[in-house]
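Colleague: Take this structure, written in structure tokens, and hold onto it; I'll ask about it next.
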């Protein structure tokens, strides 16, 4: 029996050893190539071509820990080389991959830090920051782009609603993120990847309601914060609410502010300050005692009724406001969408399409 056959039988009997050996072979090959290129004087983004090709070709969730480990080892080698040779090496692409690994591991804070470091590198080299177009064009298609897009399009609420509002709702995830900038874009991508994980787990566990409670708070929190962050960027908000700390969802959607952004939407939505009017008075989502009764009816209306564009925007803003209030104050696992898998998935869908609405209130 030749050496290869013996090794094959050894791996069949000890599959863990086979995986470890293959991991080490791939890792050492990539690190050796990095050191070879550094010694050859390569200091620009081509330094990472082979690693980026490996990252793009290997399954995202199966290899995330390996990808992340490699970014750490690459960074250590490069920093040592910079110090020893008194040179500065382009690390933008390395920090970019590191951010993608952290996003796929639900480490949003780490991802944002790596994104800022990638931006710093881009600024140092070109004088510009990384654009959202740069982000989109550098996303691995098979491991990130396609899964995120498919999960978005297959969401129960997104699928039901998107065809009725083609003027404001995009069918492709990448078209939505293209309208965002900076950390809002990274946050939306992070939520998109988390949506892939949550949707897959719920489906594979036969709509397990316990999974709703485990994953629900995090993804819904992040999407609520993202939608609120997008509204804060409107110049009308800055002009009408002078203090940053006062730019909260309720005040931003009040007639005195929302009315300066879109008076028609504001008139439909009404007011939640000093008594309810408009939608706030007819759909009592902000009433803690009625939320669990009103919310499923509200979601069903969104899925089955065609509203005017401004009516639709007002309804979505109402839902975002109500959910933001719910997640802001406590961890409440008695909310109705934690005991109904379809309602939970539709809640994520509401907040995902909310990003299209909050980006285009006008």
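Colleague: Go through segment 164-180 and report how many residues are in a helix (DSSP H, G or I) and under 15 Å from the mean Cα position of the chain (by Cα).
Modeller: Qualifying residue count, segment 164-180: 5.
Colleague: Tally time: how many residues in segment 151-163 are assigned to a helix (DSSP H, G or I), over 16 Å from residue 103 (Cβ atoms) and in contact with a helix residue (DSSP H, G or I) (Cβ under 8 Å, 6 or more places away or on another chain)?
Modeller: 9
Colleague: Residue 192: surrounded by fewer than 19 Cβ atoms within 10 Å (Cβ to Cβ) and under 20 Å from residue 97 (Cβ atoms), yes or no?
Modeller: Considered against the rule, which asks whether it is surrounded by fewer than 19 Cβ atoms within 10 Å (Cβ to Cβ) and under 20 Å from residue 97 (Cβ atoms), residue 192 comes out as no.
Colleague: Can I ask one more? For segment 85-107, enumerate the residues that are touching a residue at least 60 places away in the same chain (Cβ under 8 Å) and buried (at least 21 other Cβ atoms within 10 Å of the Cβ).
Modeller: If the condition is that a residue be touching a residue at least 60 places away in the same chain (Cβ under 8 Å) and buried (at least 21 other Cβ atoms within 10 Å of the Cβ), then 99, 103, 104 are the ones that fit.
Colleague: I need the full set of residues from segment 93-111 which are part of a helix (DSSP H, G or I) and under 13 Å from residue 191 (Cβ atoms), in order please.
Modeller: Listed by number, the residues that qualify are 103, 104, 108, 111.
Colleague: Quick check: is even one residue across segment 55-68 touching a residue at least 24 places away in the same chain (Cβ under 8 Å), assigned to a helix (DSSP H, G or I), assigned by TED's automatic domain parsing to the domain that holds residue 119 and more than 21 Å from residue 105 (Cα to Cα)?
Modeller: Within segment 55-68, none of the residues are touching a residue at least 24 places away in the same chain (Cβ under 8 Å), assigned to a helix (DSSP H, G or I), assigned by TED's automatic domain parsing to the domain that holds residue 119 and more than 21 Å from residue 105 (Cα to Cα).
Colleague: Next up: Only one of 139, 135 is in contact with a helix residue (DSSP H, G or I) (Cβ under 7 Å, 6 or more places away or on another chain), surrounded by 14 or more Cβ atoms within 10 Å (Cβ to Cβ) and not in a helix (DSSP H, G or I); which?
Modeller: None of the other options fit; the residue is 139.
Colleague: Does residue 277 satisfy being surrounded by 13 or more Cβ atoms within 10 Å (Cβ to Cβ) and in contact with a helix residue (DSSP H, G or I) (Cβ under 7 Å, 6 or more places away or on another chain)?
Modeller: no
The values are calculated or read from the model by the stated rules, or taken from the named source; none is laboratory data. Predicted model only: the values in this text are computed from it and were never measured. Using ideal geometry, Cβ is built from the backbone for each residue, glycine included, and neighbour counts are taken over all protein chains shown.
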